[in-house]
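Below is one structure, written out as structure tokens; comments come after it.
The values are calculated or read from the model by the stated rules, or taken from the named source; none is laboratory data. In this text the structure is predicted, and so the values were computed from the model without any measurement. Positions of Cβ are backbone-derived with ideal geometry, glycine not excepted, and every protein chain shown enters the neighbour counts. SASA here: full protein model, heavy atoms, side chains in, ligands and nucleic acids out. Shrake-Rupley method; radii C 1.70, N 1.55, O 1.52, S 1.80 Å.
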Amino acid sequence: MWKLRRDSGLQSSQDSGNAMGDGTRLAPLDKAGLERMSRFRYELRRFLRFGEEISREAGVTALQYHLLLHTQAFAGREWASVGELAERLQSAPHGVVALVTRCEQMGLVRRRDSAADGRLSEVHLTAKGRKVLDRLAAQHQAHLGELAAVIEAARFGQ
């Protein structure tokens with residue numbers, strides 16, 4: 001499990017005596033386990049590279065695609081706040097504001113002041129943003145099954 005340290009970024013639970021956050025001890029991986037982990041990382045990187053390539057073909061960056069996707073992450077609404085997007089993207093809020101501005105300039109999203117909370121800015125998809133998202137999400141979904149099989153194999157030692 002990864003956790004964010006205030007002083008120097010990410011810290012692995014392995015850095016603290018090879019234990020999980022709940023105190024569970026982690027056993028080192030054997031050769032077969034390392035092979036499964038390597039395959040998982042390889043397939044994950046292939047999936048991410050695929051996403052980068054199809055995003056570029058659609059005229060957006062992978063990060064812009066992720067922002068579009070995460071505007072739809074919350075049940076019961078069709079928008080996300082900058083803070084929620086920052087969490088989902090694992091980015092600083094000021095960086096997400098700049099990303100939203102670029103997406104807004106491209107006609108992919110629009111900001112609205114929240115009627116419920118004046119401190120919030122809601123990020124909504126435009127029709128153009130929805131079209132780009134729908135196309136890229138469908139292409140990603142078609143490849144998720146392959147990645148899911150690799151994840152299962154890595155988890156259960158198959």
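Could you check how much of the accessible area of the chain is carbon and sulfur, as a whole percent, using a 1.4 Å probe?
54
Lys/Arg Cβ at +1, Asp/Glu Cβ at -1, dipole of the chain taken about the Cα centre: which of Ala154, Ala32, Thr71 is farthest positive-ward?
Thr71
Classify the range 98-158 as rounded, prolate or oblate from the Cα gyration tensor: take a ≥ b ≥ c as the square roots of its eigenvalues, call it rounded if a/c is under 1.5, otherwise prolate when a/b beats b/c and oblate if not. Can you show the working numbers first?
Details: a/c = 3.69, a/b = 2.13, b/c = 1.73.
Cα axes put the range 98-158 in the prolate bin.
Suppose every K and R has +1 on its Cβ and every D and E has -1 on its Cβ; what is the size of the dipole of the range 18-137 about the Cα centre, in Debye to the nearest 20? Intermediate results must be reported in sequence, preceding the final value.
Working: 20 positive and 15 negative charges, 67 e Å.
That gives the range 18-137 a dipole magnitude of about 320 debye.
Determine, from the Cβ-Cβ distance of Ser38 and Gln139 and an R0 of 25 Å, the FRET efficiency 1/(1 + (r/R0)^6), rounded to the nearest 0.05.
Working: r = 26 Å, r/R0 = 1.04.
In this case the efficiency is close to 0.45.
Work from the charge dipole of the chain (Cβ charges, +1 for Lys and Arg, -1 for Asp and Glu, about the Cα centre) and give the residue of Ser55, Val123, Val82 farthest towards its positive end.
Checked the options; the winner is Ser55.
Quick check: pseudo-label points 7 Å beyond the Cα along Cα→Cβ at Arg102 and Arg77, how many nm apart are they?
Label at Arg102, label at Arg77, 2.5 nm between them.
Tell me the per residue accessible area of the chain using a 1.4 Å probe; a whole number in Å² is fine.
Details: 10400 Å² over 158 residues.
Averaged over the residues of the chain, the accessible area is 66 Å².
List the residues, sorted by chain then number, that are 5 or more residues from Leu120 or on another chain and whose placed amide H is less than 5 Å from its amide H.
Ser114
Taking K and R as +1 and D and E as -1, what net charge do the other residues with C-beta under 11 Å from the C-beta of Arg36 add up to?
On the way: positive: Lys31, Arg39, Arg41, Arg155; negative: Asp30, Glu35, Glu43, Glu152.
Cβ neighbours under 11 Å give a net charge of 0.
For labels at Ser114 and Thr126 in the simple 7 Å Cα→Cβ model, what's the distance in nm?
2.4
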